[in-house]
Amino acid sequence: MNRENILNKYKEKKPFIRAMCLLLLCAVMAIPVSGVYAFREQTTAFENRFPMGSYEVELLEEFMPNETWVPGEMQSKEAFIQNTGSLSAFVRIKFEEQWEDMNGNLEYAGETIIKEWAKSGLFTTEGKVNSEYWTFNPNDGYYYYNDILEPGESVEILKSIQFASSVTNMTDGFNYANAEYRLTFTEDDLLAEPWVEAIAQASAAWGMQPSADDSGGITWTSVSESSDP
């Protein structure tokens with residue numbers, strides 16, 4: 001889909017409304033009867049209902065963790081974002097990972113956990129930001145999806161995680177024995193229609209401005225950068 005088609009697509013969309021319209025048609029007829037006018041009145045009512053479209057985006061996962069996790073072991077952990085509503089949406093996501101030992105001490109996970117990102121995940125196999133699918137904003141730590149998530153569509157983030165085999169009970173001064181690993185994803189979304197209003201909303205709420213690119217996707221630009229002379 002080219003830039004012109006995307007713009008036309010979202011400019012033509014109208015906001016949904018919920019309303020009840022009663023149309024009363026009154027017809028008055030004058031019929032002469034023995035020199036006296038008689039009036040016949042007919043009223044017809046039509047009820048029209050316009051349901052509001054549903055807006056729902058969910059961050060889902062399929063994860064069945066083992067009771068114990070040993071170095072070198074890989075566990076399936078599939079995470080994805082799905083549009084389960086009937087309206088299109090802009091999406092952004094960020095993640096945080098850390099270890100917590102038995103005493104409540106926290107440690108950044110770093111290289112202790114090897115993540116297998118999906119093809120449309122946040123990083124490539126080389127460990128670089130997957131710029132084909134995401135735009136990273138260092139100011140807020142979010143990754144912005146380079147497309148509009150249409151109703152019924154989903155984007156896969158993660159496939160599995162692996163406990164690095166090089167880790168022992170005590171590594172770099174942190175005791176991993178009986179520690180707990182936490183991987184937290186935070187997902188935000190905004191309505192992506194109608195197009196002009198959606199651009200203004202994303203710019204105000206996220207400080208990032210979406211625009212349609214030539215490939216049919218979305219290009220994200222920081223509002224502060226776009227306003228620079």
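The values are calculated or read from the model by the stated rules, or taken from the named source; none is laboratory data. Note that this is a predicted model, so its numbers are computed, not measured. Neighbour counts run over all protein chains shown; Cβ positions are idealised from the backbone, glycine included.
When the range 142-185 is limited to residues that are under 15 Å from the mean Cα position of the chain (by Cα) and small (Gly, Ala, Ser), the one that is nearest to Ile114 (Cα to Cα) turns out to be Ser154. Residues that are surrounded by 15 or more Cβ atoms within 10 Å (Cβ to Cβ) and aliphatic (A, V, I, L, M) within the range 68-122 comprise Ala79, Ile81, Leu87, Ala89, Val91, Ile93, Ala109, Ile113, Ala118, Leu122, listed in sequence order. When every residue of the range 103-123 is checked against the conditions, at least one turns out to be touching a strand residue (DSSP E or B) at 6+ places or on another chain (Cβ under 8 Å), of a type in the set (D, E, K, R) and at pLDDT below 90.
Taking the listed residues Asp188, Asp214, the one that is over 16 Å from the mean Cα position of the chain (by Cα) and in contact (Cβ under 8 Å) with a residue 40 or more places away in the chain is Asp214, with no other qualifying.
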